[in-house]
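Step one of this worksheet: look at the structure below.
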Amino acid sequence: MKAHTAAAALLLILLLTGCGRYLPVSLQPTATQTASPAPPTATPVPLAALVNGEFITLQAFEAEVQRFEAAQMAAGIELATLDAYPEQVLGALIELKLLAQGAVSLGLRVSENEIEQRLANLTAEFGDALEFERWLEAEGYIPETFRDVLEEQVLAARMVEAIVQGLPEQVEQVHARHILVSTRAEAEEIMALLASGSDFATLASQVSQDASTRPAGGDLGWFPHGYLLVPEVDDAAFSLEPGSISGIVESILGYHLVQTLERGSHALDANVQRWLQKQAVENWLAEQRGVSEIEVFITP
């Protein structure tokens, strides 16, 4: 029922320690751009996109797609089951570029010494320079290009930190619970039981089809508006006064009865905090896409 938080990929960019690479492939793809002919250059380099005058080469895009494919196959995921992933990869690379540019606009920089230290840390984690070089080769990098990628990722991480800095520690939230059944007739029966004095939590633990909340009597915990994956339940919870129960709420999952228990400014739990951070980053990116010059020269 609650919003996915583990896939808040933009926040993964903060995990730039160790050998884990940032590939924000779970970002929503950028708005579809009309493919434009690549601009002429003195020494033509095939381009995938231009972002405010900074290029993403076709080679870099294709290499990122290959890394993504390798990672999915290593995880046992069939590529044929993935929808439009090259477009998502390109969209992620564009947004990574926007984040790095945003950091530079704020005067944030990455020193040569910091890059050297990060490379030294990576080498140490691989055990020695030879193993690190083998990993670079397997990932399709040469040392010079990897330095550029690392610098861009660090800048993007700094921008993410700047965006989420100062977000409130408390926001308006509700504490609610729900019961989910598959038919309206079942929901009507439960409404009648509640009207006759049956306990909401007891009924939820007995009949609710939401396995994630059933053991806790349908408890959804505290959450801000927009947090739940099912917007109909989210809206119903925020429309109710504390202690009241909704009518039958229909969603793609079935039929719900919702009870709001409490309402007010409440401290954020870790999952909600990550969700708010993800929202803040996505909102910033949406604004930047609206004012940036983005040209796409391929059809992923």
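The values are calculated or read from the model by the stated rules, or taken from the named source; none is laboratory data. A quick note: this is a predicted structure, and the numbers were derived from the prediction, not measured. Here Cβ is always computed from backbone atoms with ideal geometry, including for glycine, and neighbour counts include all displayed protein chains.
Considering only segment 71-85, I want to know if a residue exists there that is at pLDDT 55 or above, under 27 Å from Asn283 (Cα atoms) and not in a loop (DSSP other than H, G, I, E, B).
The answer is yes, given that some residue of segment 71-85 is at pLDDT 55 or above, under 27 Å from Asn283 (Cα atoms) and not in a loop (DSSP other than H, G, I, E, B).
Exactly one residue among Phe223, Phe297 is crowded, with 17+ Cβ neighbours inside 10 Å and either more than 15 Å from Arg177 (Cα to Cα) or outside the structural domain of Thr202 (by TED's automatic domain parsing) (or both), and that residue is Phe297. If we scan segment 120-143, do we find a residue that is in a helix (DSSP H, G or I), touching a residue at least 12 places away in the same chain (Cβ under 8 Å) and β-branched (Val, Ile, Thr)? No, that holds for no residue. Taking strands (runs of 3 or more DSSP E) as the structural unit, those lying wholly within segment 191-300 and holding at least 3 residues that are within 28 Å of Pro168 (Cα to Cα) and in contact (Cβ under 8 Å) with a residue 40 or more places away in the chain correspond to 219-223, 254-267. Taking the criterion of being among the small types (Gly, Ala, Ser) and loosely packed, with under 12 Cβ neighbours inside 10 Å, the residues of segment 121-154 that qualify are Ala124, Gly127, Ala138. Scanning segment 103-119 for residues that are exposed (fewer than 12 other Cβ atoms within 10 Å of the Cβ) and either more than 23 Å from Ala286 (Cα to Cα) or basic (Lys, Arg) (or both) turns up Ser111, Glu112, Asn113, Glu116, Gln117.
Among the residues making up segment 85-102, a single one is of a type in the set (S, T, N, Q) and crowded, with 21+ Cβ neighbours inside 10 Å: Gln88. Does segment 114-127 include one or more residues that are polar (S, T, N, Q), more than 26 Å from the chain's Cα centre (by Cα) and within 24 Å of Val160 (Cβ to Cβ)? Yes, segment 114-127 has at least one match.
Applying the criterion of being in a strand (DSSP E or B) and touching a helix residue (DSSP H, G or I) at 6+ places or on another chain (Cβ under 8 Å) to the residues of segment 174-190, the residue that is nearest to Glu232 (Cα to Cα) is His178.
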